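Only the coordinates and a few stated rules stand behind these numbers; no lab work does. Because the structure is a prediction, the values reported are computed rather than measured. Every residue, glycine as well, gets a Cβ built from its backbone with ideal geometry; the counts of neighbours run over all protein chains shown.
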Amino acid sequence: MNSKIKHTTKDIIEKDNKHFLHPWEGLGYFGNNERTVAAGGEGIYLTDSDGNSYIDGAGGMWCTQIGYGRQEMADAISEQVMKTAYFSPFNLTCDVPTLLAEKIAQMTPGDLNTVFFTTGGSTAVDTALRYVSFYNNAKGRPNKKKVISRQDAYHGSTFLAASASGKTRDKSYQDVASGIFSFIGSPNPFRRPKGMSIEEFRDAKVKELEDRILELGPENVAAFIAEPILASGGVIIPPKGYHKMCLEVCRKHDVLYISDEVVTAFGRLGYWFASEEVFEIVPDIITSAKGITSGYLPLGACIISDKLMAEVSGKESNDAIFSNGFTFSGHPVACAAALKSIEIIEKEKILEHVREIEPYWAKKVSELADIPIVGDIRTQGLMACVECLLGPENESSLELDYEMGSRIDKHCQEMGLIVRPFINMNVMSPALTITKDQIDDMFTILRKGIENAMHDLIRDGLWEMPAELAVSDF
């Protein structure tokens, strides 16, 4: 067992169950979970408190860009702790967040040059939404407050960010902001009507956005918020041209475009930001977090265009105050971690590595399509989703989907791979430093895990193999 762990695995699990309320905790299991205890990590691998090593297929939570165990990160963080551990961002400034803001402004597309630092992705989105409201109030347009989002979207868990999210199961027992958000359909091509082409589906989704703006009244619609790829929705990749066409609709009706790049920024798709380089748009606001520090410390950023800032600042401000902020906005230690992570990505040419290895990654994940319960595979950059389905017409019961996902997760972990099942969907976003050999190992285990779960379901009478397939083939 790792010598740095002062308690046994059993002790940690007991204390965890007694005192630690985890995010998205299923309260039916509260106090009785048997979680793996993370105790170390190096590169793409995590080690548990019993010394077992796992490929971290989920990359923590979409964020371990440079991998675990980087001594350079520890040194940079330690040095900053001893230099300036904290400053009040309300009335002081500091060199480290200022230099990071400048660096980010150099990376972003167009005129997005003003950076508001937050504590993570949720607060970055919350800040973007509050800025949109502030902006329209300052411009004398108090009715222009509606925000359009999409089904399957996830934007965070603070009140406004959660209200902007379109995953209905996350709202089952939670209140949300009323009268602000309006949802249009998910741009998931896999769920398009039979007989409809990808292009027809794309055009219909764009038309739905414009129709909703017209229905609500352009004078009432403030913004459209969209993840370039709907990550927590299951790596949903909209059809080519979708974002560009949506931006054109927004420009036509004076609606701001918020690109939520909390997952896709800082290298996940092979670029610092995906909005322009991958999806050919220059939005009004970009939100980011996760990969900004490679998960080493919490940090987020809301990045605002010069145009928006100019319209409500200086002589145009009417002495308005953007009364939004956090005790830890621009925290110097977190910002030092971000600067060092960016330096490592540049020095080791990790963005170039992602673009180079992406075709191999896509090939290996696509090879899983022959497994009978695999319904769809979605991949771009170094993120992917393998969606498993058991029922006819691409539908199965939610209870059975949960059971299937749980069994896949269990089998994979027993073989040394951590996956992150979203009900029936297995999502992956490993450290961007992953090699071809490690990709081979990852998908060999995932294949075996899915096949083992499939055999479990057949054995237990929960699913029947289609007659045209032979169980022995899998």
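Here are the numbers for the structure shown:
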quantity	calculated
Size of electric dipole in region 354-427: Cβ of Lys, Arg +1 and of Asp, Glu -1, about Cα centre, debye, nearest 20	360
Ordering of 223-233, 71-81 by packing [mean C-beta count within 10 Å, highest first]	223-233, 71-81
Sorted by Cβ neighbour density within 10 Å, fewest at the top, the residues PHE201, PHE190, PHE117	PHE190, PHE201, PHE117
Dipole in debye (nearest 20) - region 72-347, about Cα centre, beta carbon charges: Lys, Arg +1; Asp, Glu -1	740
Prolate/oblate/rounded call for region 100-173, Cα gyration tensor, a/c under 1.5 rounded	oblate
LYS207/TYR86 FRET efficiency (R0 51 Å; Cβ-Cβ; nearest 0.05)	0.55
Surface/4 estimate of mean projected area, convex hull on alpha-carbon atoms of region 72-347, nm²	15.1
Exposure proxy ranking, count of Cβ atoms within 10 Å, fewest first, for SER429, SER182	SER182, SER429
Relative exposure of GLU25, GLU276, judged by other C-beta atoms within 10 Å (fewest first)	GLU25, GLU276
Region 1-140 - Rg over Rh from alpha carbon coordinates, Kirkwood radius	1.06
Stretch gain in nm, segment THR168-THR93, where the contour uses 0.36 nm per residue and the Cα spacing is subtracted	22.9 nm
Derived scalar couplings ³J(HN,Hα) [region 332-337; Karplus, 6.51 cos²θ - 1.76 cosθ + 1.60; whole Hz; x for Gly, Pro]	x, 6, 5, 5, 4, 5
Local electrostatic count, ASP111, Cβ distance below 15 Å [Lys/Arg +1, Asp/Glu -1]	-3
Alpha-carbon centroids, region 304-365 and region 396-422: separation in whole Å	33
Separation in nanometres of the label points that stand 7 Å from Cα toward Cβ, at LYS244 and ALA362	1.7
ALA105/GLU280 FRET efficiency (R0 22 Å; Cβ-Cβ; nearest 0.05)	0.60
Three-way shape call for region 152-226 based on the alpha-carbon gyration tensor, with the a/c threshold at 1.5	oblate
The chain pair-distance distribution - Cα-Cα, 10 Å bins, rounded %	4, 19, 29, 27, 15, 5, 1, 0
Counted charge near ARG355, where neighbours are those whose Cβ lies closer than 11 Å (Asp, Glu -1; Lys, Arg +1)	-3
Region 72-347: relative contact order as a whole-number percent, Cα under 8 Å and 6+ apart	29
Furthest towards positive pole of dipole, SER186, GLY140, MET196, structure part region 72-347, Cβ charges	MET196
Three-way shape label, region 254-329, alpha-carbon gyration tensor, a/c 1.5	oblate
Antiparallel bridge percentage (DSSP; both residues within the chain; nearest 5)	65
Too-long pairs where the Cα-Cα distance tops 19 Å, listed order kept, from LYS145/LYS290; LYS205/LYS363; LYS83/LYS340; LYS240/LYS436; LYS307/LYS340	LYS145/LYS290; LYS205/LYS363; LYS240/LYS436; LYS307/LYS340
Cβ charges +1 (Lys, Arg) and -1 (Asp, Glu), total dipole of the chain, debye	1020
Sum of side-chain charges, LYS436 neighbourhood, beta-carbon under 13 Å (Lys, Arg +1; Asp, Glu -1)	-3
Region 351-393: Rg to Rh, with Rh as the Kirkwood radius over Cα pairs	1.09
Selection from ILE13, ALA369, PHE224 lying farthest towards where the dipole of the chain points positive, charges on Cβ	PHE224
Built amide H within the under 5 Å cut-off of PHE181, gap 5+	VAL147
Region 9-74 and region 129-192: distance between their alpha carbon centers, rounded to Å	31
